[in-house]
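Structure first, commentary second.
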Amino acid sequence: MFDVQRWDPLESFVPAWNIAPTMPVAAVLERPVKEEGGAVRRQLRQLRWGLVPSWSKSPETGVKMINARAETVHEKPSYRRAFVSRRCLLPADGYYEWMTDDTAAADGKGKRARKQPYFITPKDGSVMAMAGLYEFWRDRGVPDDDPAAWWVTCAVITTEAEDELGHVHPRMPLVIGPDVRDAWLDPGLDDVDELRSLLVPPQPGLLEMRPVSTAVNSVRNDGPELVERVDPELGPEGATLF
């Protein structure tokens, strides 16, 4: 689907149904390959979700830098260098978002508001390609020949959510369409204005959202049952309340 030419056979790409920040994610990117004389090849890599800028003193900054706003990604110090030269696609079947039910807010007995998770996915069952950025960070505390010397991290670019999805959350991942994926991945494209012109959300109505189990609230849970539709009115037995 993404015309990948290279991948590391030692990296294990297995289905993951409940990915959280700091966990590895699959990413498609284009970089020179030393073994092929520096030829640029499209690769499938595992990156750590939560971008750590190269100048950061600690990798802990990545915990907070999981998303980059499309409107300002070209000018923010943490993202602007990656935006020009280190862009990637993050394939996914969909993503989760949570809606707070204000009518279920605290009632004087200490109860918390109810949050209903939704799985948002293409209506036609296709795989979406979220726009992303990646960065390299050198851990000075380990030797050069240690595999852990370099961290490769990433962030998802987000945009304003379309009307229906905006009822759940005002932001959403920016999905890159097939017609501009080659340009987005091209490391030779470094014109900021041209790159910004690629950050156009797909037309509304291509995604659907369905209520899913609150089991997704714990990263210890992982499996295809997490994306199955549930009835929000069933309460804990339907895994919708906490």
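The values are calculated or read from the model by the stated rules, or taken from the named source; none is laboratory data. Predicted, not measured: the structure shown is a model, and the values here were computed from it. All Cβ positions, even for glycine, are placed from backbone atoms using ideal geometry, and neighbour counts span all protein chains on display.
Some values worked out for this structure:
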read-out: Answer residue from the stretch 124-134, given it is touching a Pro at 6+ places or on another chain (Cβ under 6 Å) and not in a loop (DSSP other than H, G, I, E, B) and is surrounded by the most Cβ atoms within 10 Å (Cβ to Cβ) among those; value: Ala129
read-out: From Thr121, Thr100, residue being modelled with pLDDT under 95, at negative phi and in a strand (DSSP E or B); value: Thr100
read-out: Among (1) modelled with pLDDT of 90 or more; (2) within 22 Å of Pro21 (Cβ to Cβ), the one test that Gly188 misses; value: (2)
read-out: Some residue of the stretch 16-39 being in contact with a helix residue (DSSP H, G or I) (Cβ under 9 Å, 6 or more places away or on another chain) and without any contact (Cβ under 8 Å) to a residue 12 or more places away in the chain; value: no
read-out: Given (1) modelled with pLDDT of 95 or more; (2) among the aliphatic types (A, V, I, L, M); (3) not in a strand (DSSP E or B), index of the condition Val200 fails; value: (1)
read-out: Subset of the stretch 138-155 [surrounded by fewer than 21 Cβ atoms within 10 Å (Cβ to Cβ) and either under 19 Å from Val84 (Cβ atoms) or at pLDDT 95 or above (or both)]; value: Val152
read-out: Qualifying residues in the stretch 42-67 (those that are surrounded by 15 or more Cβ atoms within 10 Å (Cβ to Cβ) and of a type in the set (D, E, K, R)) - the one farthest from Trp150 (Cα to Cα); value: Arg42
read-out: Unique residue being at pLDDT below 95 and outside any loop (DSSP other than H, G, I, E, B) when the list is Glu30, Glu11, Glu35; value: Glu35
read-out: Residue selected from the stretch 76-97 under the condition assigned to a strand (DSSP E or B) and of a type in the set (D, E, K, R), by the criterion modelled with the highest pLDDT; value: Arg87
read-out: Tabulated pairs, the stretch 60-85, first under 18 Å from Asp193 (Cβ atoms) and aliphatic (A, V, I, L, M), second modelled with pLDDT of 95 or more and part of a loop (DSSP other than H, G, I, E, B), C-beta under 6 angstrom, 6+ apart or interchain; value: Ala68/Tyr79; Ala70/Leu174; Ala70/Leu199; Val73/Tyr79; Val84/Asp190
read-out: Any chance Ala161 is buried (at least 19 other Cβ atoms within 10 Å of the Cβ), farther than 20 Å from Gly50 by Cβ and within 19 Å of the chain's Cα centre (by Cα); value: yes
read-out: Filter pass, Val73 being at pLDDT 95 or above and closer than 28 Å to Asp8 by Cα; value: no
read-out: Members of the stretch 173-197 that are outside any helix (DSSP H, G or I) and under 13 Å from Met130 (Cα atoms); value: Pro173, Leu174, Val175, Ile176, Gly177
